[in-house]
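Remarks on the structure that follows.
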Amino acid sequence: MGTRRKGQHLVFGPEDGKSYWQPEPADGYATIKLSPENCESNAMAAGFQVIDPGGQIRPHAHARNEELLFVWEGTGVAEVEGERTDVEPGSLVYVSRWVEHTIINTGEVPLKVLWVITPPGLEDFFAAVGRPRQGGEPAPASFGRPENVQELVDAAHFARPEALAEISPK
């Protein structure tokens, strides 16, 4: 019998991980907790996004990813394929490939969402469109997306709207 090796384990504190201020309309920030950069697994990435009151994650779909979004603080609306559902702490949203979705903060406090994506890649997008953030620092003034955003969207395998139009509903 060969030697067995225990798998990796990681524990992250509240401010551990690379963190990036995010452009409008989300504003707020995203923190990458788990990615192939710091984990043996290359099957997923995870982190959280904090969306300011009135902010939202832009409507989008993934061409190659499945995603879980778990709300742990704040209130808002998840819009998936045009259907709106209120979300609050404890709400979970699952979307598979090609499913258009957004989350909108309709509350008075930041909306905090844990995201898990498989395969990874979303973490690279947060870094590319964002600005480095250090825990506890004040938020910068709202800022727009970089000029090469379409290149970044394509690199992260977001579905282009014309591709979504070609896919028929169930």
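List of remarks:
- Residue in the stretch 67-81 that is modelled with pLDDT of 95 or more, surrounded by 12 or more Cβ atoms within 10 Å (Cβ to Cβ), of a type in the set (A, V, I, L, M, F, W, C) and farther than 20 Å from Gly55 by Cβ present: yes
- Given (1) of a type in the set (S, T, N, Q); (2) more than 15 Å from the chain's Cα centre (by Cα); (3) closer than 23 Å to Pro138 by Cβ, index of the condition Gln49 fails: (2)
- Of all residue pairs spaced 6 or more apart or on separate chains, those with beta-carbon atoms under 8 Å, a first member in the stretch 37-53 that is within 11 Å of Trp115 (Cα to Cα) and a second member that is charged (D, E, K, R) and crowded, with 21+ Cβ neighbours inside 10 Å are Ala45/Glu123; Ala46/Lys33; Gly47/Lys33; Gly47/Glu123; Phe48/Lys33.
- Within the stretch 62-118, the set of residues being closer than 25 Å to His157 by Cβ and out of contact with any strand residue (DSSP E or B) (no Cβ under 8 Å at 6 or more places or on another chain) comprises Arg64, Gly82, Glu83.
- Lone unmet requirement of (1) of a type in the set (D, E, K, R); (2) touching a residue at least 60 places away in the same chain (Cβ under 8 Å); (3) within 20 Å of Thr118 (Cα to Cα) for Asp27: (3)
- Within the stretch 100-126, considering residues that are surrounded by fewer than 17 Cβ atoms within 10 Å (Cβ to Cβ) and aliphatic (A, V, I, L, M), the one nearest to Pro36 (Cα to Cα): Leu114
- With respect to the stated conditions, Ser91 fails to be at pLDDT 95 or above, closer than 26 Å to Asn38 by Cα and hydroxyl-bearing (Ser, Thr, Tyr).
- Pairs where the first residue, in the stretch 113-133, is of a type in the set (Phe, Trp, Tyr) and the second is crowded, with 18+ Cβ neighbours inside 10 Å and part of a loop (DSSP other than H, G, I, E, B), C-beta under 6 Å, 6+ apart: Phe125/Ala156
- Members of the stretch 119-132 that are farther than 26 Å from Glu40 by Cβ and assigned to a strand (DSSP E or B): Arg131
- Unmet requirement for Arg84, which otherwise passes all of (1) part of a strand (DSSP E or B); (2) closer than 19 Å to Pro110 by Cα; (3) not hydrophobic (A, V, I, L, M, F, W, C): (2)
- A count restricted to the stretch 137-166 and to residues that are in a loop (DSSP other than H, G, I, E, B) and closer than 24 Å to Val116 by Cα stands at 5.
- Scanning the stretch 116-138 for residues that are hydrophobic (A, V, I, L, M, F, W, C) and over 18 Å from Pro23 (Cα atoms) yields Val116, Ile117.
- Of everything in the stretch 37-58 that is in a loop (DSSP other than H, G, I, E, B) and touching a strand residue (DSSP E or B) at 6+ places or on another chain (Cβ under 7 Å), the residue that is surrounded by the most Cβ atoms within 10 Å (Cβ to Cβ) is Ile57.
The values are calculated or read from the model by the stated rules, or taken from the named source; none is laboratory data. Keep in mind that this is a model prediction, so the values were computed, not measured. Counting neighbours? That spans all protein chains shown, and the Cβs are built from the backbone with ideal geometry, glycine included.
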